[in-house]
Amino acid sequence: LVRAAEQARERGFRSLVDADAPRFLAPASMIEEVRSACGESGQDVPQTAGELALTVYDSLATDYARAVRELESLTGTAYTSINIVGGGSSNQYLNQATADACRLPVLAGPTEETALGNLMVQLIASGELADLAAARAMVRRSFDVRELRPRA
């Protein structure tokens, strides 16, 4: 799907939906809902799997950028990076699209963050690690975390 999305992008396909819209919470068919949203907004309707994936990936990245701006406004904090963990951290296209849309570096990985978080809490509780900073340092030393920088 990622390669097909890249090919659709190379061909110039570009449609976006509001990924945060209620219509996408539990539609009968996500494919048809994305297509309908594109058609209703006067955009090109995705026909291929690549066009559909591209629309979803770029729409998610655009929504992440909106969320970052909103969080910065609410907290008064300027964020310097975005951490993506779990299975989504393996999606190179979405991670790069997120970096580009947010204009921030994305740190992708590790993929098994739930198990690692549990393990780190246990190591801190048992005294094997001093604190959260030590746990984070151990994870950084032990697992690949890929950094993607926004493209100009």
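The values are calculated or read from the model by the stated rules, or taken from the named source; none is laboratory data. Just so you know, these numbers come straight off a predicted model, no measurement behind them. A quick note on method: Cβ atoms are made from the backbone with ideal geometry, for glycine too, and the neighbour counts reach across all protein chains shown. The accessibility values were calculated without ligands, DNA or RNA, using every heavy atom of the protein model including side chains. Shrake-Rupley method; radii C 1.70, N 1.55, O 1.52, S 1.80 Å.
Could you list all residues from the stretch 47-61 that are of a type outside the set (A, V, I, L, M, F, W, C) and open to solvent by less than 70 Å² (accessible area, probe 1.4 Å)? Matches in the stretch 47-61: 48, 50, 51, 55, 57, 58, 59.
Taking each residue of the stretch 46-62 that is in contact (Cβ under 8 Å) with a residue 40 or more places away in the chain and within 16 Å of residue 33 (Cβ to Cβ) and looking for partners that are open to solvent by less than 10 Å² (accessible area, probe 1.4 Å) and not hydrophobic (A, V, I, L, M, F, W, C) with beta-carbon atoms closer than 6 Å, six or more apart or interchain, yields 55/15; 55/46.
Is there a residue being in a loop (DSSP other than H, G, I, E, B) and of a type in the set (Lys, Arg) anywhere in the stretch 33-50? No, that holds for no residue. Where strands (runs of 3 or more DSSP E) fall entirely within the stretch 62-152, those with at least 3 residues that are surrounded by 15 or more Cβ atoms within 10 Å (Cβ to Cβ) are at 106-108.
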